[in-house]
């Protein structure tokens, strides 16, 4: 094809595409539509063997200056280079808080409770559940964004639930004099049972020691119908700054060397076994896969894989 003198191929293409518009007859303008605002779904559900798994968005918010949280041991230049390569800004990050419900057929098991009762109950309602239906609440660790939904002004959020957490985790916070623990967890102490690495919450749900973020932080393996799924909780808190750079220090990791070792071990296992995982702070719906990439890992968000059952 020959283009007019001085007209590039791109310009010619745009000119051709726009040409029919010139011939359109004018018409009266319709009423202007209102801006509707951004929306985010509150739940995502998929089949996992004989189980049904639902991730719940109990809250999301922007957080400024993420380098004050992630990569404390690297320069601003390194932080910027890693962020630019992943097309994410360095001045702000979007945080997500994603509890998970596992329906085993015999019990409704909730992992973590978000920042407050309002967030978790709204997400549960969107997913078709009520707090009184929850049989077991598993607390992966005792940071405020995981225990915040346990109770509020109206009392305990889950009136019929039993509670499970790591023995080491509970022992640490019991002695820490922490206000959040004393308000949210301590009143429920007589309803808690405790487990260690390898302990079972229910058939098919097993604790995986993932210490470092907190002294008794736990991940969980969910197995049904020959399929595995890992809830990593806060083993990794960001899809880039934690996965691509597992040795980067994170502000909220209480034992930073142990947390880095745990990231490499748990993420390496997930990558090697090609398992799907749920990350409490991954972009909603918080599901995906992990592959090795250089000296770290790459987050592969799920597309339709989990829809196939």
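The values are calculated or read from the model by the stated rules, or taken from the named source; none is laboratory data. For clarity, every value in this text was computed on a predicted model and none was experimentally measured. Heads up, the Cβs are rebuilt from the backbone with ideal geometry, glycines too, and the neighbour counts pull from every protein chain shown.
Summary of values
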| quantity | calculated |
| --- | --- |
| Count of residues meeting criterion [outside any strand (DSSP E or B) and either without any contact (Cβ under 8 Å) to a residue 40 or more places away in the chain or touching a helix residue (DSSP H, G or I) at 6+ places or on another chain (Cβ under 6 Å) (or both)] in the range 266-280 | 6 |
| The range 164-210, subset at pLDDT 95 or above and on the phi > 0 side of the Ramachandran plot, residue surrounded by the most Cβ atoms within 10 Å (Cβ to Cβ) | 204 |
| Test: residue 113 is under 15 Å from the mean Cα position of the chain (by Cα), in a loop (DSSP other than H, G, I, E, B), modelled with pLDDT under 95 and at negative phi | no |
| The range 60-85: number of residues that are in a loop (DSSP other than H, G, I, E, B) and surrounded by 14 or more Cβ atoms within 10 Å (Cβ to Cβ) | 4 |
| Candidate set: the range 122-147, residues that are surrounded by 21 or more Cβ atoms within 10 Å (Cβ to Cβ) and more than 22 Å from residue 195 (Cβ to Cβ); chosen: the one farthest from the chain's Cα centre (by Cα) | 124 |
| Checking residue 309 against (1) closer than 28 Å to residue 51 by Cα; (2) at pLDDT 95 or above; (3) surrounded by fewer than 21 Cβ atoms within 10 Å (Cβ to Cβ), the condition it does not meet | (2) |
| Those strands (runs of 3 or more DSSP E) lying entirely in the range 138-254 with at least 2 residues touching a strand residue (DSSP E or B) at 6+ places or on another chain (Cβ under 9 Å) and closer than 29 Å to residue 82 by Cα | 218-224, 227-233 |
| Total residues in the range 80-132, condition touching a strand residue (DSSP E or B) at 6+ places or on another chain (Cβ under 8 Å), in contact (Cβ under 8 Å) with a residue 40 or more places away in the chain and under 30 Å from residue 247 (Cβ atoms) | 12 |
| Some residue of the range 35-42 being modelled with pLDDT of 95 or more, touching a strand residue (DSSP E or B) at 6+ places or on another chain (Cβ under 8 Å) and outside any loop (DSSP other than H, G, I, E, B) | no |
| Leading residue by the ranking (surrounded by the most Cβ atoms within 10 Å (Cβ to Cβ)) among those in the range 263-293 that are under 17 Å from residue 70 (Cβ atoms) and out of contact with any strand residue (DSSP E or B) (no Cβ under 8 Å at 6 or more places or on another chain) | 263 |
| Failed item in (1) over 30 Å from residue 75 (Cα atoms); (2) assigned to a loop (DSSP other than H, G, I, E, B), with residue 283 passing the rest | (1) |
| Filter result for residue 220 (within 24 Å of residue 147 (Cα to Cα) and buried (at least 22 other Cβ atoms within 10 Å of the Cβ)) | yes |
| Test: residue in the range 229-251 that is over 13 Å from the mean Cα position of the chain (by Cα), surrounded by fewer than 20 Cβ atoms within 10 Å (Cβ to Cβ) and at positive phi | no |
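Here's the yes/no breakdown for (1) under 30 Å from residue 260 (Cα atoms); (2) modelled with pLDDT of 95 or more; (3) in contact with a helix residue (DSSP H, G or I) (Cβ under 8 Å, 6 or more places away or on another chain):
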residue	(1), (2), (3)
10	no, no, no
22	no, no, no
30	no, no, no
56	yes, yes, yes
63	yes, yes, no
